[in-house]
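Taking it in order: structure first as structure tokens, then the write-up.
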Amino acid sequence: MTIEESLTGPDTVDKQPGGGGGGLGRYILVRFLLIIPTVFILVTLVFFLMRVVGNPISSSVGGRLTEQQLNERLHDAGYDRPIIVQYFEYMGQIFTGNFGRTITDNRAISEVLVTYGTATLELVFYALIVALIVGIPLGMVAAYLRDRWPDAVLRIFAILAYATPVFFAGLLLKLTFSVWLGWLPLGGRAGTRETLVLGRIDNATGIYLIDALRTGSGALIGDVLAHAVLPGLTLGLLTAGIFLRLVRTNLIGTLSMDYVDAARSRGVKEIRLVRRHAYKPALVPIITVMGLQIALLMGGAILTESTFGWRGLGFQLAQYLGARDFVAVQGFVVLLAVIVAVTNFIVDVIAALVDPRVRY
């Protein structure tokens with residue numbers, strides 16, 4: 001579903017006679033089954049695009065090996081076989097959860113994904129919180145004060161928020177709040193001592209905030225949150241601008257509907273119309289767009305994590321890209337494709353449950 005579709009109304013599925021729960025079940029089943037070809041196509045594209053630029057070993061360490069050593073490495077890894085054989089072998093490994101091993105540090109890619117995925121998940125969570133807290137209220141204010149100067153200011157703010165490159169916004173925030181004012185840490189997920197404390201927790205989740213809450217230490221929780229402010233704000237503003245525009249557009253449309261005019265004619269105040277009657281229908285498109293934003297946030301996380309030294313998937317992906325470790329990059333991209341496909345499935349189901357315009 002595209003942003004334009006969310007503004008004009010989501011896609012619909014023909015309602016089955018006597019449908020109800022059965023229709024919803026079929027709708028969910030169809031959406032779930034669509035994940036399989038989506039992921040299959042994405043994985044296939046990634047595999048062949050990676051092979052177009054050459055085999056992974058030559059790209060990564062080819063310049064540091066003799067021709068004989070390189071040929072031995074290629075033979076051991078199976079890269080001297082026909083590409084179609086390599087493809088089917090790779091697909092078989094994917095189905096068993098085996099993404100292969102990195103070339104540069106010989107680590108299981110599944111282990112790397114688990115180790116650093118929690119850090120990225122935590123960052124995306126912070127960014128979504130920022131986007132919802134900033135985007136929705138300001139969108140409501142912009143709609144309520146439509147065509148007045150606060151509305152113009154907020155629209156400009158929204159454009160700047162999603163048009164400013166993430167790394168540039170991150171650098172500005174670091175220079176302002178870390179270097180100039182000295183209020184917040186420059187980077188990292190926690191201080192050095194706090195990181196050691198978190199690393200000694202039994203059965204650690206890898207999500208620092210949860211692990212810090214488990215210790216019950218206020219100082220530790222405060223340190224983790226202080227480190228999360230600037231990365232979360234940097235990535236969250238990217239999405240907040242889009243949410244602001246969406247809420248404003250949909251709220252203005254809702255305020256012009258007949259039932260709102262009827263309430264207005266009965267003397268209901270404008271602020272009450274916005275707060276009690278119009279804002280809930282205007283929030284439905286946020287749910288549908290959120291699925292698209294997950295992909296945007298994952299892409300933005302690469303630059304955000306690199307800017308703030310936040311050791312998550314994006315930070316690690318940048319390291320492997322620099323080392324031209326295409327096996328690792330391929331594993332990361334496959335994981336991102338799966339995350340985006342599953343997220344869109346969840347969003348479609350939620351939209352079907354809460355949006356009366358979605359018929360099934």
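What are the trypsin sites (Lys or Arg not before Pro) within the range 248-349 that DSSP puts in a loop, where the Cβ has at most 14 other Cβ atoms within 10 Å?
Answer in residue order: Arg266, Lys269.
Between the alpha-carbon centers of the range 308-358 and the range 131-168, tell me the distance in whole angstrom.
One Cα centre to the other: 26 Å.
Can you grab the distance from the C-alpha centre of the range 257-295 to the C-alpha centre of the range 170-234, Å, no decimals?
37
Just to confirm a number: summing +1 for Lys and Arg and -1 for Asp and Glu over residues other than Leu65 whose beta-carbon lies under 10 angstrom from that of Leu65, what do you get?
0
Rg and Dmax in Å for the range 260-339, alpha carbons only: what are they?
That works out to 21.8, 67 Å for Rg and Dmax.
Please go through the range 123-211 and write out the trypsin sites (Lys or Arg not before Pro) that DSSP classes as loop and that have at most 14 other C-beta atoms within 10 Å.
Arg146, Arg148, Arg200
What is the set of long-range amide H partners of Arg101 at a cut-off below 5 Å, with H atoms built 1.01 Å from backbone N?
Ile109
Taking 0.36 nm per residue of sequence separation and subtracting the Cα-Cα distance, how much length would be gained by fully extending the chain between Ser178 and Gln69, in nm to one decimal?
So the extension gain works out to 34.4 nm.
Which option, [x] -0.69, -1.29; [y] -0.93, -1.32; [z] -0.85, -1.26, is the value of log10 I(q)/I(0) by the Debye sum over Cα atoms at q = 0.11, 0.15 Å⁻¹ that was calculated from these coordinates?
Correct label is [y].
Taking θ = phi - 60°, what integer Hz values does the Karplus form 6.51 cos²θ - 1.76 cosθ + 1.60 yield along the range 277-282, in sequence order, with x for Gly and Pro?
10, 9, 6, 5, x, 6
Which residues' amide hydrogens lie under 5 Å from the amide hydrogen of Gly309, considering only partners 5 or more residues apart or on another chain, with H built in the peptide plane?
Those lying under 5 Å, H to H, from Gly309 are Gly188.
What is the gain in length, in nm to one decimal, between Val229 and Lys269 on full extension, counting 0.36 nm per residue of separation less the C-alpha to C-alpha distance?
10.7 nm
Determine the share of the chain's accessible area contributed by carbon and sulfur atoms, expressed in whole percent, with a 1.4 angstrom probe.
65
Where the convex hull is taken over the Cα atoms of the range 136-254, what is its projected area averaged over directions, in nm²?
For the Cα atoms of the range 136-254, the hull's average projected area reads 9.5 nm².
Would you kindly state how much longer the chain becomes between Asn106 and Ile36 on full extension, computed as 0.36 nm times their sequence separation minus their alpha carbon distance, in nm to one decimal?
22.3 nm
The values are calculated or read from the model by the stated rules, or taken from the named source; none is laboratory data. None of these values were measured; they are calculated from a predicted model. Note: ideal-geometry Cβ built from the backbone for every residue, glycine included; neighbour counts use all protein chains shown. Each accessible area value is taken on the protein alone, full model and side chains, heavy atoms only, with ligands, DNA and RNA left out. Shrake-Rupley method; radii C 1.70, N 1.55, O 1.52, S 1.80 Å.
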